[in-house]
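Have a look at the structure below before the remarks.
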Amino acid sequence: MFLWAHYTDMVIALLAVPIAMAAGWVVMRPPAPAGTNGSRMWRLLSGLLLGGATLRVVAALLLLPNGWDFAGPRLVFVAPALAVVATVHAVWVRPMPGSPGGEWRAARWLGDYWAATVAVGAVLVASAAQLAGTGAAAVTGVGVLGAAAVGSVWRRTRWSRRSAGRWWRTAAKGALGAAVAATVLAAMSTASRLPASNSMTGGPANIGGGSMVGHRHHGGVSVTTLTGTDTDGVPARRFTLTAQPARIRLDSGQQVEAWTFNGVTPGPQLLVRQGDLVEVTLVNRLPGVGVTLHWHGVDVPNAMDGVAGVTQDAVPPGGRFVYRFRATQVGTYWYHSHEMSSVQVRRGLFGALVVLPANAPEQSGDVDETVLRHTWVDEDGVATLGVTTGVRRRQAPAGQQVRLRLVNTDGNPATFTLTGAPVRVVAIDGTDVHEPNLLKGVRILVGGGARYDLAFTMPDRPVVLRADGPAIVYSSDGHAGPGHAGPAPALLDPARYGTPAATPFGAAGHVDRRFTLRVDERLGFYDGRPAVRYTFNNRSFPDVPMLMVSPGDLVEVTYVNRSGQHHPMHLHGHHMLVLSRDGRPTSGSPWWVDTLDVGPGETYRVAFLADNPGIWMDHCHNLEHAANGMILHLSYSGITTPFQTGRGTANHPE
Ligand code: C2O
Ligand code: CU
């Protein structure tokens with residue numbers, strides 16, 4: 001219902017623009033006598049605007065169940081537009097009984113002319129508000145008034161009457177219209193250009209209702225000093241990851257020109273134990289581009305977070321950078337470059353990081369497999385599990401324990417389905433689920449960047465994991481095919497799965513700061529190019545205010561997704577406890593996430609403890625969205641960064 005109402009509304013708002021402009025054009029002509037083409041045309045256009053405004057009000061009302069955040073901002077604009085259009089239509093356009101030529105009155109007198117332009121203007125403003133935001137709506141309103149004033153003078157001049165109907169007049173008006181439109185678009189494009197360099201420190205700030213001292217960070221603590229307290233000594237695990245181009249062969253035979261770590265895709269799996277001091281040396285052998293490593297989902301010290309332009313400079317070709325952190329959280333994580341991440345992750349610069357419990361045996365007979373789903377966009381969007389595009393066959397004797405660690409490296413959610421064995425969803429985003437119930441089979445919508453771990457005992461028949469295209473079949477002889485898909489198992493609802501357990505904070509307790517992030521879908525420009533933008537509270541990076549916190553704060557964030565797309569919201573350096581979805585409290589196991597897929601029309605309330613000082617990205621992990629400005633930062637008061645992002649620097653974290 002949300003998607004239907006949302007996109008109907010968007011399409012009507014879009015169609016209304018040319019119709020309203022045509023109506024405005026017609027109104028500006030000198031008064032047309034009854035029955036002429038001019039008056040008929042005005043009548044038709046007015047009728048279309050009336051119908052469109054009515055449908056938009058209906059769509060807004062249908063969104064009322066989603067909350068005022070969804071219906072309100074629409075109603076504020078479309079309800080007045082409908083009132084004005086309906087009045088103009090009823091009084092000036094619709095033939096009145098006893099006034100058979102009613103429509104000829106349209107635009108005859110000055111008052112009529114202004115009424116008609118106000119109706120047209122109200123429709124344009126309502127469209128602009130939905131398509132491009134309230135700022136654009138205000139600019140549109142001013143523009144319409146100006147154009148109407150010019151038109152009012154023009155249509156009273158003798159010259160305008162004399163030239164009526166001449167071909168050159170139409171041509172001149174067309175050229176003028178095109179010139180105005182081109183100027184407006186060029187101005188919008190220029191205005192959207194980002195500064196050549198930009199620092200996270202000192203931008204707009206939002207203190208979320210808490211108190212704050214010195215958020216301007218004068219003489220503050222640099223992120224480079226935040227290397228952790230427990231990271232001295234000899235590392236238990238050392239790895240070297242070399243970013244380099246490689247030609248990857250998918251099992252379909254297709255070749256992909258990839259950017260890889262150590263020449264393979266996914267990059268090498270880093271397997272460590274809880275408590276290990278981990279040291280990873282990043283070496284850059286990519287031609288002409290920088291690179292970094294971000295430990296997605298691992299709450300590392302800020303200086304190790306790997307965000308170009310925020311916590312470090314991108315490592316230039318030929319350069320290296322050493323990351324050190326202690327692996328404190330057991331679970332499934334992944335790493336990826338956070339320089340030009342929308343391009344670099346897509347091209348292959350990612351891999352898995354698995355933290356086993358400290359006491360896990362070095363060797364075991366169990367299957368423990370990480371399954372990274374990745375779409376190679378350059379190969380016509382071919383979806384893979386590792387390099388598998390079709391079916392991978394694996395051997396697993398009956399009775400064996402199998403753990404599958406599902407990772408979605410894409411931005412869009414992917415559906416994973418497991419059939420053939422009773423299964424438990426044992427962990428989400430690295431955190432164990434409390435008392436996971438046994439399911440007959442499971443279907444999971446894994447959001448971009450998210451991880452789900454499955455565990456089952458191998459039965460004496462094949463078990464099939466499907467991932468929206470590619471599949472893996474486990475069987476005792478390793479030869480079984482996937483067979484027929486059969487009826488899909490029920491979709492997992494992580495808000496209702498498992499059983500409750502104690503959490504360090506909950507939905508009812510005291511909160512130090514509250515933030516609400518309302519996401520909208522806007523057509524416009526970003527950094528000079530045309531873009532569909534997803535904005536936070538009507539703003540894009542770097543204009544979204546930083547969320548300011550102090551150490552020890554309990555912070556609540558509400559994500560309201562008013563757009564028609566999924567947004568996997570990823571907060572660096574912290575784990576968020578999901579409190580409610582669409583106003584309904586979660587009722588299963590405590591649901592901890594680092595990447596929360598917020599679907600179209602959904603509202604999530606989450607909370608986290610501010611216990612990891614630094615400047616942290618909070619962004620959409622649909623990295624295309626991030627590259628179009630869907631980024632903000634969480635900052636602890638008094639922290640500064642010496643790094644900068646932007647065209648004039650080497651750092652492009654998005
Ligand atoms: Cu996995 Cu900011 O990213
Ligand atoms: Cu998004």
Point to revise | Residue satisfying all of: in the stretch 612-645; within 20 Å of the chain's Cα centre (by Cα) and among the small types (Gly, Ala, Ser); farthest from ligand 1 (Cβ to nearest atom) among these | key: Gly629
Review point. Can Arg320 be described as basic (Lys, Arg) and either within 16 Å of ligand 1 (Cβ to nearest atom) or in contact with a Gly (Cβ under 8 Å, 6 or more places away or on another chain) (or both)?
Key: no
Exercise for review: Could you check, for the stretch 493-500, whether at least one of its residues is touching a residue at least 60 places away in the same chain (Cβ under 8 Å) and not in a loop (DSSP other than H, G, I, E, B)?
Suggested key: no
Revision key, fill the gap. Counting only residues that are within 20 Å of Trp295 (Cα to Cα) and either part of a strand (DSSP E or B) or in contact with a Cys (Cβ under 8 Å, 6 or more places away or on another chain) (or both), the stretch 412-446 contains a total of 5
Exercise for review: Just name the residue that is farthest from ligand 2 (Cβ to nearest atom) out of those in the stretch 588-620 that are among the acidic types (Asp, Glu) and in contact with an Asp or Glu (Cβ under 9 Å, 6 or more places away or on another chain).
Suggested key: Asp611
Study note, to complete from the structure: If we keep only residues of the stretch 306-357 that are crowded, with 18+ Cβ neighbours inside 10 Å and of a type in the set (D, E, K, R), then the residue nearest to Leu226 (Cα to Cα) is Arg324
Practice item. Taking the residues in the stretch 323-332 that are closer than 16 Å to Thr292 by Cβ and touching a residue at least 60 places away in the same chain (Cβ under 8 Å) as candidates, determine which candidate is farthest from ligand 1 (Cβ to nearest atom). Key: Arg324
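This table checks each residue for (1) over 18 Å from Leu75 (Cβ atoms); (2) touching a strand residue (DSSP E or B) at 6+ places or on another chain (Cβ under 7 Å).
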residue	(1), (2)
Asp112	yes, no
Thr117	yes, no
Ala122	no, no
Gln130	no, no
Gly133	no, yes
Gly141	no, no
Gly146	yes, no
Review point. Counting residues that are under 29 Å from the mean Cα position of the chain (by Cα) and of a type in the set (Val, Ile, Thr), which strands (runs of 3 or more DSSP E) fully inside the stretch 275-389 reach at least 3?
Key: 367-376
Review point. Just wondering, is there one or more residues in the stretch 449-463 that are in a strand (DSSP E or B), surrounded by fewer than 23 Cβ atoms within 10 Å (Cβ to Cβ) and under 25 Å from the mean Cα position of the chain (by Cα)?
Key: no
Check your understanding: Taking the condition surrounded by fewer than 21 Cβ atoms within 10 Å (Cβ to Cβ), more than 16 Å from ligand 1 (Cβ to nearest atom) and free of Cβ contacts under 8 Å to residues at least 24 places away in the same chain, does Ala508 pass?
Key -> yes
Exercise for review: Could you tell me which residue of the stretch 594-633 is farthest from Val532 (Cα to Cα), considering only residues that are of a type in the set (S, T, N, Q) and surrounded by fewer than 24 Cβ atoms within 10 Å (Cβ to Cβ)?
Suggested key: Asn612
Revision key, fill the gap. Turns out the helices (runs of 4 or more DSSP H) fully within the stretch 109-186 with at least 2 residues that are among the hydrophobic types (A, V, I, L, M, F, W, C) are 110-132, 134-154
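Every read-out reported here was derived from the displayed coordinates using simple, explicitly stated rules and does not represent laboratory data. If you're wondering where the values come from, they're calculated on a predicted model, not measured in any experiment. FYI the Cβ positions are ideal-geometry reconstructions off the backbone, even for glycines, and counts take in every protein chain you see.
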